[in-house]
1. What list of ³J(HN,Hα) couplings, whole Hz, do you get for the stretch 106-112 from phi and the Karplus terms 6.51, -1.76, 1.60, once you set θ to phi - 60° and write x for glycine and proline?
2. Tell me which residues come under 5 Å, amide H to amide H, from V181 once H is placed; ignore anything under 5 positions away on its chain.
3. Shape of the stretch 3-101 from its Cα gyration tensor (a ≥ b ≥ c, root eigenvalues): rounded if a/c is under 1.5, otherwise prolate when a/b > b/c, or oblate?
4. What pairs in K2/K24; K54/K176; K2/K35; K66/K165; K24/K103; K2/K165 have C-alpha atoms more than 27 Å from each other?
5. Report relative contact order for the stretch 1-104 in percent, whole number only (criteria: Cα-Cα under 8 Å, sequence separation at least 6).
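No lab work stands behind these numbers, since they all come straight from the coordinates. No experiment lies behind these values; they were computed from the predicted model shown.
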Amino acid sequence: MKTHTLNVSSRAQTGRSASRRLRKVDRIPAILYGKHTKPEKLAIEGPEFGRLVKAVAGRSVLIELKHADRPEGALSFLQEVQRDPITDRYLHVDLHEVKADEKFEIRVPVHVVGESFGVKNQSGVLDVATHLLRIRTLPKDLPSAIEIDVTPLKVGETIKVGELKAIPGVDFLDQKGQPVVACVEPVAEIVTEAPVAAEAVAADGTAAPVAAPGDAKAAVPGAAPAGDAKAPAAAAGDAKAAAPGAKPAAGAKAPAGAKPTAGAKPAAPPKK
């Protein structure tokens, strides 16, 4: 496979202040570590590293480090790249050193190729469940991505790790039953319908329509229609007259034939 190159230099100062000073001059603090070497603090030129990231384009590649202070280089891959979420500037780079004759573990991206039968003919939706696969391989056998052909995939079918096509020199380390790509049915659209007016059962067993919201008085059996709330009840000023034994209001005449209340004085005859 193709190997990319990157120029690096050693840095003696560490800490946040030293890292800030490096970034001000458009350099990126980095670290190189591996199974057989001690961690080494490095500095990388920002523009050169930006060009490398664009060339890699999310693939797994090997990077040959060219050290300014020593003739021998080191073979590595990008373990982690930290970026500022606001400015998108590179903050720190982790490089993992590997040996040309020794197998190593790495996560490789999944690359889907082809058009699924379920998507094309059954209105299915392609769902990539695993975006990175963990493998063990020699540097010379490292694939840049794991290509998966989804052309025969139908709705309801899933491609798992154990069903992937074998790659010479590559061992898959994830569980064989782990799903990688699936073709699923589209989510049904939820339609909200207006509620149907229910029917209330009256006391005599007949069905009566339920009143519309905001018309609670009309829903009560025997209630007066809206706007005539005083019809079934006595007026506020006639409350005393409605009570048994109560005196009539001033100026009000007693009903014809009504007996005077016990203890009440007869009305004075009108003066001539």
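1. 7, 9, 10, x, 8, 10, 8
2. A129, I159
3. On the way: a/c = 1.71, a/b = 1.23, b/c = 1.40.
Judged from the Cα gyration tensor, the stretch 3-101 comes out oblate (a/c at least 1.5, b/c at or above a/b).
4. Values: K2/K24 32 Å; K54/K176 33 Å; K2/K35 23 Å; K66/K165 36 Å; K24/K103 38 Å; K2/K165 22 Å.
Long pairs (Cα-Cα over 27 Å): K2/K24; K54/K176; K66/K165; K24/K103.
5. Details: 179 pairs, mean separation 31.6, N = 104.
About 30 percent, as a whole number.
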